[in-house]
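Accompanying notes for the structure given below.
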Amino acid sequence: MNTGNIKITYTIFVFVALAAFDNIIIGLFPPLFSSIAKDLNIQVYSLGIVSAINILITAFSSIGWGYLAGKFNRKRLIMIGTILWSASVYLTSRCNSYTQLFIFQFFTGLGLGCIASIGFSVLTDYIPYKFRGMLLSLWGMSQGFGGIAGALMASLIAPSTSWRKPFEIVSIIGFSLIIFYFFVREPKLGESEPELQDILKQGYKYDPSIEFKYLYDIISRKSNILLFLQSFFMNITTGSLIWLPTLYISKIQSEGYSMNTAIIASGYLFAIFQLGGLTSPFFGYIGDVLQTKTYKGRSLLTSFFVFATMIFYAVMFVIPMNKLVLPDNNKSLLILFDLLKQIIMNPWISVIFLLSFFASAAQSANTPNWLALITDVNLPEYRGTAFSIANLANGLGRTLGNAGVGTLLSVVSLYAKEPKNYIITLVLFQLFLIPSSLFYIKMAKNNEEDINEVKSILRKRAKLIK
């Protein structure tokens, strides 16, 4: 492997690892809601608002970062954004009031916006076209497991220290990432496009840059509109899943265990019950294969699995954790070993595990194929901005899902006690996957037209550059 390939591999690794951090911050909050509320003397539902605002500001700011990525040095931009969110997360660990918490998480969101938009822009210029779905799945999978890592960190560290310690640790890791950025290599624009390979190898440069006037072209493209809508509805559901640790805590406590034991166990369950997400590269590969046969392939494949996600999650939520046996002593390792034993020995937990595996596996088909589609239907210079706008739809949906659970929960709780109130609320939020699935079917024809148009434009530009 030559030096150039080593730098490319290193850069991809750094940006894939970085993708986890916006979701680590999101994942930290729910397991700590009760602890933060008690310490700051506020209501738990108000923390759902803070978490939702963080998601929303991250999504809005990513549009600005994505636009800047099309005009300036992406390496410098990602360093500036990382300094901003790392400092804000550290200040979060030092806050003493709800107002301070709100402000620091607002600025955390401003910094985190750089991760998705700039990371996506860099990776799509590196990843070869024929492996686009499979390799982008690693980036998406990193985001998913970032949320799990955040929940685990909160569940394991906070009970023996305080809710502040996990935020301190994340901020320190964030600052250390800046060192790794010095060694990344920024790719040439359009480097991964087959239509531009010849001119780039000959030393020519493909250098169109994004202009404000091009935003209408991006927003009005039919495939983009449908991808934005699909992402919005999909993320209402995925935003509601941030409350899964809270559901698990409620179910475990209903079996007679203490809050601390429930928090620790819920963190482990949140991670274990998302193991199906590891199948994401497989679904990305299947999408790549289907896309070589027809440009409708990815969207039709993903439509089926999005619908299946709804069914598996809804059934999983309803099943109780009967006959759960755990040590009620706050010892993390013992609780983990007993949970693993329960998955094998307790049929109730076994069924929940299998359903969660199928649900998270079906859900994981969405990310790599959605990312590949929004790459395929946009010109290289448009991709950072297009993804950022889509990320706004993503953030709006996730914010509605996150905050909406708290709002609907307060109504459902008038008629149902825990954990039934959580079960009913989360099942209702699965229904948003129906329109999400239908938008994929609707966009299949548009994908074919828009991908052919992008390839035609690139071929014409390559001839003009020579």
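Computed from the coordinates by the stated procedures, all read-outs in this text should not be read as laboratory data. No experiment lies behind these values; they were computed from the predicted model shown. Virtual Cβ from ideal backbone geometry, glycine too; neighbours counted across all protein chains shown.
Numbers below:
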{"item": "Pairwise label distance in nanometres, residue 13 with residue 329, each label 7 Å out on the Cα-Cβ vector", "result": "4.0 nm"}
{"item": "Trypsin sites (Lys or Arg not before Pro) within region 231-330, DSSP loop, no more than 14 other Cβ atoms inside 10 Å", "result": "323"}
{"item": "Pair residue 413, residue 278: separation of 7 Å Cα→Cβ label points (nm)", "result": "3.6 nm"}
{"item": "Under 27 Å from the Cα of residue 201 - lysines, other chains or at least 8 residues apart", "result": "7, 71, 75, 130, 188, 455, 460, 463, 466"}
{"item": "Order of 449, 418 - criterion: other Cβ atoms within 10 Å of each residue's Cβ, fewest first", "result": "449, 418"}
{"item": "Over region 350-449, relative contact order from alpha-carbon pairs under 8 Å, at least 6 apart, %", "result": "20 percent"}
{"item": "Which of 258, 280, 220 has the fewest Cβ neighbours within 10 Å, and the rest in rising order", "result": "220, 258, 280"}
{"item": "Region 3-465: relative contact order in percent, alpha carbon pairs under 8 Å with at least 6 residues between", "result": "26 percent"}
{"item": "Förster-model FRET efficiency, 56 Å R0, residue 41 and residue 183, C-beta, rounded to 0.05", "result": "0.75"}
{"item": "Mean Cβ neighbour count within 10 Å, used as a protection proxy, ranking 261-273, 165-177, 338-350, 45-57 highest first", "result": "261-273, 45-57, 165-177, 338-350"}
{"item": "Listed candidates [x] 73, 43, 43; [y] 76, 51, 47; [z] 82, 56, 46 - label of the one calculated as Cα extents along the principal axes in Å", "result": "[x]"}
{"item": "Lys, Arg +1 and Asp, Glu -1 on Cβ, resulting dipole of the chain about Cα centre, debye, nearest 20", "result": "640 debye"}
{"item": "Cut-off 13 Å between beta-carbons: net charge of the residues surrounding residue 249, Lys and Arg +1, Asp and Glu -1", "result": "-1"}
{"item": "Net charge over other residues, Cβ less than 11 angstrom from the Cβ of residue 261 (K, R count +1; D, E count -1)", "result": "-2"}
{"item": "Segment residue 459-residue 337, extension gain: residue separation times 0.36 nm, minus the distance between their alpha carbons", "result": "38.2 nm"}
{"item": "At least 30 Å along the helix axis (C-alpha) and Kyte average at least 0.0, DSSP helices within the chain", "result": "44-69, 98-126, 132-157, 297-318, 383-412"}
{"item": "FRET efficiency, residue 130 to residue 420 (Cβ-Cβ, R0 35 Å, nearest 0.05)", "result": "0.10"}
{"item": "Cα gyration tensor category, rounded, prolate or oblate, for region 385-446 with a/c compared to 1.5", "result": "oblate"}
{"item": "Segments 371-381, 309-319, 450-460, 68-78 sorted - mean Cβ within 10 Å per residue, highest first", "result": "371-381, 309-319, 68-78, 450-460"}
{"item": "Within straight-line cross-link reach of residue 38, lysines at Cα separation under 23 Å, skipping those fewer than 8 residues along the same chain", "result": "165, 251, 331, 417"}
{"item": "For region 16-107: rounded, prolate or oblate by the Cα gyration tensor [a/c cutoff 1.5]", "result": "prolate"}
